[in-house]
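Here, each number is a calculation from the coordinates, and none is a lab measurement. Keep in mind it's a predicted model, so treat the numbers as computed, not measured. Cβ coordinates were reconstructed from backbone atoms using ideal geometry, including for glycine residues, and neighbour counts include every protein chain displayed.
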């Protein structure tokens, strides 16, 4: 690559439109900074900029510039891919712009240390980085052709999300990695959830699901395990806290045009009788809002069958329409298309779970001793549950 080529590459990078957000990427930004300085005549400044660029690659965990460029191009959110993701056809000028810019980014991905250092009058050591032959444009077009599987932006890189205090969707960087194979028994319940989720992924009608039952029986773990099984098919999960239910309409507006499929996950759901969030969830489940979203379902867990905490004063109050009121609040659960109960395991199921987890974790204790200790542990924790089994085995492993 000659002198003019580096200068031309810098100018073309600065002219990016569709992929303009890449100029904010720390590695691409430091590369642009170096390209602007490599002919400045200030050797120390240019060498420093080169070192900063290579350092950015190292910090990213990718010593390969080619693979780094491929990753940021594939994962970036931009006007072109948003149009495609929402089912719109980009105009000819936008398509041409995308193709031209992919050529520029291919040139960046092909840069070698020799290319970058050719104008530096410096015989000392400078750090190296790797390059390889990859078709950046071809890789990007393959992602576009399978956008319902890969997604784009933060949804391409992560599988689990939550809503932060500013009501912004952000990724979970260390998600729960539970797999269905690690969840013993409850096969019938798991199949119902899996079948419904597969219907969602296949564009068929899918129901909202309410999972009820005793604490620690694996309701939340099952939902997350289903996501882990189906992540590569385009499934994502977004956890919504009860106090954020009023944000769901805005969330649906954002997700409705996304090519991926989403589970809105509400954990440990219950209400007081006069809870304002009750009406918000009721409206969503009745379809006044969520009916417009074909790529989103709501999965909620609760330790209570009727979701609304009911007191004797509620039963015996002087409300003229007391019966109608009580019927309304206890029937919220009926507005979920599917209801599944996770019952507390009996002794055999509990010990089956213990044995399975112990085998997974390499515990070699005598079975009779293991069972005795497991039962004693459950008694001290208020009863048998899948959670108690996991906590027990974790404790055995920690002591070994």
Checklist entry - Most exposed first by the Cβ proxy, i.e. fewest other Cβ within 10 Å, how do 229, 100 rank? => result 100, 229
Checklist outcome for this item: Bridge orientation stat for the stretch 154-284 from DSSP, antiparallel percent rounded to 5, came to 25 percent
Item to check | Principal axes of the stretch 158-305: Cα extent on each, largest first, Å | outcome: 38, 35, 31
Checklist outcome for this item: The helix 65-75 Cα axis meets the longest alpha-carbon principal axis of the chain at an angle in degrees, between 0 and 90 and rounded to 10, of 50 degrees
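Per 0.36 nm of contour for each residue apart, how much would the distance between residue 365 and residue 71 grow if the chain were fully extended, relative to their Cα-Cα spacing? Could the numbers behind the result be given before it?
Values: separation 294, 0.36 × 294 = 105.84 nm, distance 4.59 nm.
In short, 101.2 nm is gained.
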Checklist outcome for this item: Measuring from the longest principal axis of the C-alpha atoms of the chain, the long axis of helix 43-60 (C-alpha) lies at a number of degrees, nearest 10, equal to 30 degrees
Checklist entry - If you work out semi-axes √(5λ) of the Cα gyration tensor in Å from the coordinates, which of [x] 35, 25, 20; [y] 51, 29, 18; [z] 32, 25, 20 do you get? => result [y]
Item to check | Antiparallel DSSP beta bridges within the chain, percent to nearest 5 | outcome: 10 percent
Checklist entry - If you take the C-alpha gyration tensor of the stretch 1-145, multiply each eigenvalue by 5 and take the square root, what semi-axes do you get, largest first, in whole Å? => result 29, 15, 12
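Hey, fewest Cβ within 10 Å first, where do 361, 177, 159 land in order?
Fewest-to-most ranking of 361, 177, 159: 177, 361, 159.
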Next on the checklist: At 222 nm, what value in deg cm²/dmol follows for the chain if DSSP H runs of at least 4 each add -39500 (n - 2.57) and the sum is divided by all its residues, to the nearest 500?
Outcome noted: -15000 deg cm²/dmol
Checklist entry - Rounded to the nearest 0.05, what FRET efficiency is calculated for residue 93 and residue 334 with R0 set to 41 Å and r the Cβ-Cβ distance? => result 0.20
Next on the checklist: Could you tell me the calculated FRET efficiency between residue 126 and residue 5, based on Cβ-Cβ distance and R0 = 25 angstrom, to the nearest 0.05?
Outcome noted: 0.80
Next on the checklist: As an exercise, use a Förster radius of 56 Å and the Cβ-Cβ distance of residue 348 and residue 247 to find the FRET efficiency, rounded to the nearest 0.05.
Outcome noted: 0.80
Item to check | Nearest-ten-degree value, helix 386-399 long axis tilted from longest Cα axis of the chain | outcome: 60 degrees
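Within 10 Å of each residue's Cβ, count the other Cβ atoms and sort 241, 96 from fewest upward.
Taking fewest neighbouring Cβ atoms as first place, the list is 96, 241.
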